[in-house]
Amino acid sequence: MPQISPSILSADFARLADEAEAVRGSDWLHVDVMDNHFVPNLTLGVPVVESLARATDIPLDCHLMIEDPDRWAPQFVEAGAGSITFHVEAAAAPVRLAREIRAKGARASMALKPGTPIEPYEDLLPELDMLLIMTVEPGFGGQAFLDIMLPKIRRTRELIAKHDLELWLQVDGGVSASTIERCAEAGADVFVAGSAVYGAEDPAEAVRNLRELAAKASADAWWACEH
Ligand code: DX5
Ligand code: ZN
């Protein structure tokens, strides 16, 4: 079953607990941490994640768009995040970091910006619980989906099948009712959606609709059929 992770970047930051409640039934809550160095935007840090983890039952999917994730990621696990995604472009020692995140009890995930290829990281995949393929340049919500990322999603799904891995494949950026099916067909199974969820009249209904579209699109895909 595909999973949906609504991004609170498109929510009202003054009412985060209510905004989490508004997407009741979603699989994860996607929390975009930006430091104004790795990306040209600044959002929130450990104390906010700590409070949000206490305020909702939905597990937190923390996407760290920050420099020096080797130093900071463990603190986000301690703050209560269920999944931590670091960017490989920023990590000094991705294998050591993934192992540390897992050892502390969270799912370990690695993200690739649009210009970063997957192939050099084939041997690292068994160290991860999820791989995030960015479908926009990280930094802002509401950007247009990059179709040119679909071949990378497909190639990553082929690597997951080749090595018979239990690795989730997440996409983030411009995912909406009009792009989610392409992502699902190509091999994604965890979908971040910010503006498509929080811009909707009924965010919980938008989550259900996205999940249904993804489920239908992946039902006949080669990669889902084999499993
Ligand atoms: C962008 C963030 C995304 C963002 C997605 O850098 O990583 O999670 O919130 O927003 P939408 O779904 O509006 O493209
Ligand atoms: Zn994100």
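Bear in mind these aren't lab numbers, they're just calculated from the coordinates by the rules spelled out. Since the structure is predicted, the reported quantities are computational estimates derived from the model, not experimental observations. Note: ideal-geometry Cβ built from the backbone for every residue, glycine included; neighbour counts use all protein chains shown.
Between Glu137 and Asp57, what's the calculated FRET efficiency when r is the beta-carbon distance and R0 is 45 Å? Round to 0.05.
0.90
Using only the alpha-carbon atoms of the chain as identical scatterers, what base-10 log of I(q)/I(0) does the Debye formula give at q = 0.09, 0.12, 0.13, 0.18 Å⁻¹?
-0.31, -0.57, -0.68, -1.41
How large is the Kirkwood hydrodynamic radius of segment 98-227, counting all unique pairs of alpha carbons, in Å?
It works out to 15.1 Å.
Using only DSSP helix segments of four residues or longer, with each worth -39500 (n - 2.57), what per-residue ellipticity at 222 nm results for the chain after dividing by its residue count and rounding to 500?
-10000 deg cm²/dmol
What's the extension gain from Val46 to Arg71 if we count 0.36 nm per residue and subtract their Cα-Cα distance?
Stretched out fully, the Val46 to Arg71 stretch lengthens by 7.8 nm.
Karplus couplings for segment 94-107 from phi (6.51 cos²θ - 1.76 cosθ + 1.60, θ = phi - 60°), rounded to Hz, Gly and Pro as x?
Values per residue, Gly and Pro as x: x, 5, 4, 5, 4, 5, 5, 4, 5, 4, 7, x, 10, 6 Hz.
Got the relative contact order for the chain handy, in percent, Cα pairs under 8 Å and 6 or more residues apart?
20 percent
Set Lys and Arg Cβ to +1 and Asp and Glu Cβ to -1, take the dipole of segment 79-227 about its Cα centre, and tell me which of Leu169, Leu112, Pro203 lies farthest positive.
Value: Leu112.
With the dipole of segment 1-118 worked out from charges on the C-beta (+1 for Lys and Arg, -1 for Asp and Glu) around the Cα centre, which of Pro6, Val31, Ala98 lies farthest toward the positive end?
Ala98
Could you order peptides 78-84, 186-192, 13-19, 197-203 by the average number of other Cβ atoms within 10 Å of their residues, highest first?
Highest-to-lowest ranking by the protection proxy: 186-192, 78-84, 197-203, 13-19.
Sort Leu210, Leu167 so the one with the fewest other Cβ atoms within 10 Å of its own Cβ comes first.
Details: Leu210 25, Leu167 19.
Starting with the residue having the fewest Cβ neighbours, the order is Leu167, Leu210.
Thr135's amide H: which non-local residues (gap 5+, or another chain) put their own amide H closer than 5 Å, with H modeled 1.01 Å from N in plane and none for Pro or chain starts?
Under 5 Å from the amide H of Thr135: Asp172, Gly173.
Go ahead and run the numbers for FRET between Leu124 and Arg15, Cβ-Cβ distance against an R0 of 30 Å, rounding to 0.05.
Values: r = 38 Å, r/R0 = 1.28.
E between Leu124 and Arg15, to the nearest 0.05, is 0.20.
Want the number for Ala177 to Asn36: 0.36 nm per residue separation, take away the alpha-carbon distance, what's left?
Separation in residues times 0.36 nm, less the Cα-Cα distance, equals 47.8 nm.
Nearest 5 is fine: what % of DSSP beta bridges in the chain come out antiparallel, could you say?
That works out to approximately 5 percent antiparallel.
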